[in-house]
1. Assign one of three labels to segment 212-280, namely rounded, prolate or oblate, based on the Cα gyration tensor with a ≥ b ≥ c the square roots of its eigenvalues; rounded applies when a/c is under 1.5, prolate when it is not and a/b is larger than b/c, and oblate otherwise.
2. Can you tell me the convex hull volume per residue for the chain, based on C-alpha atoms, in Å³ to the nearest whole number?
3. When a/c reaches 1.5 or more, the comparison of a/b and b/c decides; with that in mind, is segment 114-206 rounded, prolate or oblate per its Cα gyration tensor?
4. Within segment 215-231, name every residue whose backbone N is under 20 Å away from a label modeled 7 Å from Cα of residue 275 along the Cβ vector.
5. PRE reach from residue 89 (point 7 Å along Cα→Cβ): which of segment 43-63 fall under 13 Å by backbone N?
6. In a GNM of the chain with a 10 Å cut-off on Cα contacts, which of 175, 102, 235 has the highest mean-square fluctuation?
7. Add -39500 (n - 2.57) for each DSSP H run of 4 or more in the chain, then divide by its residues: what number comes out at 222 nm, to the nearest 500 deg cm²/dmol?
8. Given a Förster distance of 25 Å, report the FRET efficiency between residue 324 and residue 268 from their Cβ-Cβ distance, rounded to the nearest 0.05.
Amino acid sequence: MHVVVSAWYGAFLLEDGVILRTALAPTEIEPLADRALLRRSGELTPEEAAILAERKDEEWSTRDRRLAAHGLRLDLDLRPQIPAGTARIDPGLLRTALLRTAERSLEDAWDPSVHVEDAVRAVADLDRVQNLVGERLASWVARDSPDLDLSDHARAVRTALAAETDSSLGPLDPALRAARHRLAKLYREVEGTHAELQKAVEAATPLRAPNLSHLLGPDLAARFLAAAGGLDRLARLPASTIQVLGAERAFFEHLRGRAPPPRHGLLFLHPTIQSAPRGERGKLARALAGKAAIAARLDREGAPLNESLARSYEARRAELKARRGAPKRGRPARRLR
C-alpha cells in the first residue's frame, strides 16, 4: 500500500515502511516559513505537489486531509513512520521557522486602524475627565460666586483664572487660590488635548476608511472602527450587527425579555437618523447599516471612494420622506344594507 507522508522538512512516498520517493524542503528559514503558512492555509507545499505529480492510477493513502482533497484515500488509522536518518536536518530549524511564521502572521494581521481606535477611546476618556474636572471646579467657584450656573464650566474656568478674584467669599489661603487656579488650567489643558485628538481622528479616518468616512462622517466612522475593534473586524460584520453596534446593553435587555429590540446603536448619532421621525429611524438605520457594511468591505480591500453608496442611501431617505407626505390608504367603508 502506497502512503504519502508529509513532514515539515519534506514529503515522502512509502510502501510497507520503505521510502519510494523523497522530496526534501530547503533548509533556509524563509522557505520553511512559507511552507508552514501553506500547510496552515490548507494548500500543498512544493514538495507535496512534486510527489503527487508522479501519481498515475495507483491508489495512494494518507492521513492528511489536505492531501486527501487531491484524490488520495483518507485513512486516519494510518501510523506511518519515516525511517530514522532519512534527512539530516537540524531540529532547531523547526523552532526558528515557526517563530518566523508567527512573525509573518502578525505582520499580515496588523490593522493600522487600531491607532484610530485608541484615539477614539482616548477622546471618550478625556470627555469624562473634562466633565468631572469642570463639575468640581464649578462647584468650588460657586462657593464665592453664587450667581454661577453649575453647568457653565467655561465661565467657572474664566472666574478661577481671573486675577481679580479677591472676593471676601473666596479662598483666603494663597495656597488654596493657587490650587484652584491650577485646577482651572488643568481643565483648559484637557480641553485642548481633547480638541487636538478629535482633529487628528477626523483627519486620519478618511485616509484609512475613505468610503466609510464619506458615508458616515469621519467622527462616526472612527467610533464604528473603535466599537468593532478595527476595520478588518468591522468588514466581517453583517449589516444587522452594524445596525445595533453600540446598543449592546439594550440588546441584552431584549434577550432577557425586559425591552423591545434596539433599532439602532451608534447609527443614531448620524444626523439624518437623529432628525428623522421616530417611526422612520429603524428603516433609515437598516438602510444605512447595509451601506456601511459595503463601505467597510471596500475600505478593507483598498478600493477607491465610491460615492454611489451615499447617493443610494439618500435615495432611500427621500423615498421614506415622500411616503410620509402621501395620504394613507384606508379600508373602504362598508355599505349599510
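1. It is oblate, given that a/c is not under 1.5 and a/b is not larger than b/c.
2. Taking only Cα atoms, the chain has a hull volume of 341 Å³ per residue.
3. Prolate, since a/c reaches 1.5 and a/b exceeds b/c.
4. 215-221
5. 45-48
6. 175
7. -18500 deg cm²/dmol, from helical runs alone.
8. It comes out at approximately 0.85.
Quick note: the coordinates plus some simple rules give every number you see, no bench work behind them. Remember, it's a predicted structure, so these values are computed and weren't measured experimentally. Note that each Cβ is placed from the backbone with ideal geometry, even for glycine, and that neighbours are counted across all protein chains shown.
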